[in-house]
Structure formats: C-alpha cells, structure tokens
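The values are calculated or read from the model by the stated rules, or taken from the named source; none is laboratory data. Bear in mind the structure is a predicted one, so any value in this text is a computation, not a measurement. No Cβ is skipped: glycine too gets one built from the backbone with ideal geometry, and neighbour counts run over all protein chains shown. In case anyone asks, the SASA skips ligands and DNA or RNA and just uses the protein heavy atoms, side chains included. Shrake-Rupley method; radii C 1.70, N 1.55, O 1.52, S 1.80 Å.
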Amino acid sequence: MPWPLGWVLWLVKLFEFEAKEMLRRRGVEVPPGVVVGAGDDVEALVRGAGLEPPLAVKSQVLVAGRGLAGGVRIVGSVEEAVRAARELLETPVKGLRPRFVLVEKAIPHDEELYAAVTIDRGEGRPVVLASRHGGSRVEESAREEPGSVEKVYVDPFLGLRGYQARALGKRIGLTGRALVSFSTFLQALYDVFVEYDAELVEVNPFTVVDGRVIPLDARVIVDDNALYRHPELRASRLEETGEYTELEVEARRLGLAFVELDGEVGIIGNGAGLTMATMDLVYEYGGRPANFLDIGGGASAERVRTAVSFLSGIPRVRSILINVFGGITRCDEVARGIVEAVQGLRGAVKPLVVRLTGTNEDEGRRILREHGIEAYTDLEEAVRRAVSLAA
C-alpha cells in the first residue's frame, strides 16, 4: 500500500482572507469584507463594515473546490448573509469544518480569469502563469487546451519586469486600462511570492470591472523551511486550519515530522523514504501503521527521546518500531535517545522493537543491550515482532 510523500510536507497554507489582505497591502483592489467566527455578532460586523448586498459568504477552509462543495453562497441581503454565515460555520466542506467565514461584497462579473506565481523545479526558477479561463474550469481547460495557460519565466535576480507582465496580459487578451491594472496586479502577486518564500501564490479567479483587475479568490502556500523568517505563520496557527489533528499539531510544536494514521504500530524512521518503506512492510505483514514519524538525518539523542516519548503517549499505539539506517545519523546517538526515553517514562513506554544498522551500529547495540533492549539487524524480523506485539 503506497503512502503519499505529500502527507509529510508541512506546507503552510493561508486562508483566502489572509491572502487577500497581503494583496490589499500591495495596492491591489480586493472586495471589501469581514471575517466572522462562531461566537461573533455577524449582523453587527457586516453592517459595521458598511457592506451592501449582493454579498458573498465563503467558508474559510483550505481545500480546492469550495464553491462546488457548497462552501460559497451569494445572497441578496444582510439578513440572508447572517443566516448563510451561521449555516456555513456548522457545515463541513470536504470533511473540514470552518472556523471562519468571510462575508464580502459580491462583484458582478462576466468573465473569470486565472493568474499564479509558482516554482518550475525543472527550470529552477519562478514562473508566472495566466489564462483567460479561470474559476472551477481552469484545470479542465488546461487539459483540453494546453496552450490556454500562458507562462513567463522570471530571473530571480532581476524579478518580474514590467514588460514581462504586460506581454503576459496581452497574450490573454487584455488591453488598455485592464492591461495596465493587470501589470500592477501581477507585480503584487510576485512581491508576495518573494517576500513570503511562497510555493504558490494563486488568484483563481480574478475579473476585470471597468478596466480594474479584482481578485475574487486567492490563496498562498508558504514553504515551511522559511518559517523562521515569518514567525506570524508558525505552527501555532495549524489549529485554525482544520486540516490537522490535535496530535499532528502537538507534534509540529515539538518539531517532529508526524502524520497520524489509524493503526496500532507506531513507526519511527530516519528519512521519509525509509519511514514509508517501513510502513509498507508493517502493512504487508498484517499490521496497521499508527503514524508516520521521520526523525530526519543526523537526529540527536534528544530528538529521538522526544519521538519515542511522544508515541508512547498515544493510547492507540501498542508497539513502537524504530528503523534507523545510519548514514549521517549515528546509531549510538539514536540508542542514547531511546534509553533516555525509557528511563524518563519509568515503565510507561510502549513495547519497543529497534532495528539499527549503519554508522556506529555496534556501539548503538551495546548501549541498548546494557539496558535490556534488543536491537535487530534484519528488518523483516523486526517488523514481524512489532506487528505481533501490537496484535
């Protein structure tokens, strides 16, 4: 059974209202709106913001296709907006229950277009995308008409140039004031992309009203490797997204790359590939992985201790399988972390099965043996033992 690598990438996704605020601060005209939560006086907030119908009421969940899933409603009065907001706050969208709803001015429009900035890893540089076909059909249009999505590559040392933005606008049919507005808008997207170390800045769709580009939706995804540069986006906000379980949020706070699953065998490995291969073997031998937990290369004894202690505190976990292939990770350092966890938990640690091989493996096994812990060299034997202990 394959375990998607994407599960372990902790990309920080921003809500629509956060992405739009970033654009607004850079001079982009965004629809006026207000964010409301379950305990708020929705009517007072909407009227206080001076919003006049028609209004768009949008669930703030970090999934694509909200509109098709019933998470967006257009209403004709403040009273309808209040009812819609309360209903949407109680209605999950693709399994995620929103904590916030955005109520904003609905912009009547005849066309929906698309724009985004992302990284082309094959080219090794940013690429700006634009299309005449935006909204819910953008992916379908891109498949049916590959040429419908225009692109321009950006030299990261020079940044997006004005002539590049104008040329892209012309290729999607914009002229006159709309072209000038699009050029300014696209520069704002690129500025957000660079300033926030983003993986993606996307506006889908935007429209043009009286020659002015207006984003109707927006999203930003930030690479978590850059979070030290953006403390306001750190792990404490993961609880608000609704995407992560309580255990995943807690693990993130501890600095662990952890994904919760529904099995009984706790998994700790060093490296995403090794950890997922270990999970596959557990499944192959009749067990069910309780999690993915990658301690990474060069893991310290403290990190190993934290990982073992964390998994031992999960009631569903019946055994813990630690699979370490020592390269830059030292097996003796891993062994010290395991021993520290066992001693610190004072018998509350779950049954451990340890497979150590690689750098300093003899010393690692000696440390474990002195504390009554057996270290396996054969992975399949270790997996069978962990599965039997969890049965």
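Overview of results
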{"quantity": "For GLY326, residues with placed amide H under 5 Å, excluding near neighbours", "calculated": "THR357, GLY358, THR359"}
{"quantity": "Accessible-area composition of region 296-391, carbon plus sulfur, in percent [1.4 Å probe]", "calculated": "47"}
{"quantity": "THR245-LEU345 FRET efficiency (beta carbon distance; Förster radius 22 Å; 0.05 resolution)", "calculated": "0.45"}
{"quantity": "Additional length obtainable on full extension of the chain from GLU284 to ASP362, 0.36 nm per residue less Cα span", "calculated": "25.2 nm"}
{"quantity": "Under-5 Å amide H pairs with ALA218, H placed in peptide plane, nonlocal only", "calculated": "ASN204"}
{"quantity": "Label point distance in nm, VAL127-GLU29, each placed 7 Å from Cα along Cα→Cβ", "calculated": "3.2"}
{"quantity": "Extension gain from GLU43 to SER388, taking 0.36 nm per residue of separation minus the Cα-Cα distance", "calculated": "118.4 nm"}
{"quantity": "Per residue accessible area in Å² of region 104-182, where ligands, DNA and RNA are left out and the probe is 1.4 Å", "calculated": "56"}
{"quantity": "Rough spin-label spacing in nm, given labels placed 7 Å along Cα→Cβ, for GLU380 and PHE157", "calculated": "5.4"}
{"quantity": "Lys, Arg +1 and Asp, Glu -1 on Cβ, resulting dipole of region 234-391 about Cα centre, debye, nearest 20", "calculated": "380"}
{"quantity": "Net length gained if the chain between GLU232 and ILE314 were fully extended (0.36 nm per residue, minus Cα distance)", "calculated": "26.6 nm"}
{"quantity": "The chain - charge dipole about Cα centre, Lys and Arg +1 at Cβ, Asp and Glu -1, debye rounded to 20", "calculated": "280"}
{"quantity": "For the chain, built as a Gaussian network whose Cα springs stay under 10 Å, the top-fluctuating residue of LYS58, LYS13, LYS170", "calculated": "LYS170"}
{"quantity": "Which of VAL304, THR357, GLY269, positive extreme of dipole for the chain (C-beta unit charges)", "calculated": "VAL304"}
{"quantity": "Eligible lysines near LYS13 by straight Cα distance, threshold 27 Å, same-chain separation 8 or greater", "calculated": "LYS58, LYS94, LYS105, LYS151"}
{"quantity": "Å² of accessible area per residue within region 301-391, as computed with a 1.4 Å probe and no ligands counted", "calculated": "47"}
{"quantity": "Cβ-derived FRET efficiency at R0 41 Å, GLU21 paired with ASP262, nearest 0.05", "calculated": "0.65"}
{"quantity": "Distance in nm between pseudo-label sites at SER77 and LEU254 (7 Å out along the Cβ direction from Cα)", "calculated": "5.3"}
{"quantity": "For region 126-153 and region 38-101, distance of Cα centres in Å", "calculated": "29"}
{"quantity": "For ARG125, distant residues with modelled amide H under 5 Å away", "calculated": "ASP120"}
{"quantity": "Label selected from [x] 20.2; [y] 22.1; [z] 18.5, the criterion being mean projected area of the Cα convex hull in nm² as computed here", "calculated": "[y]"}
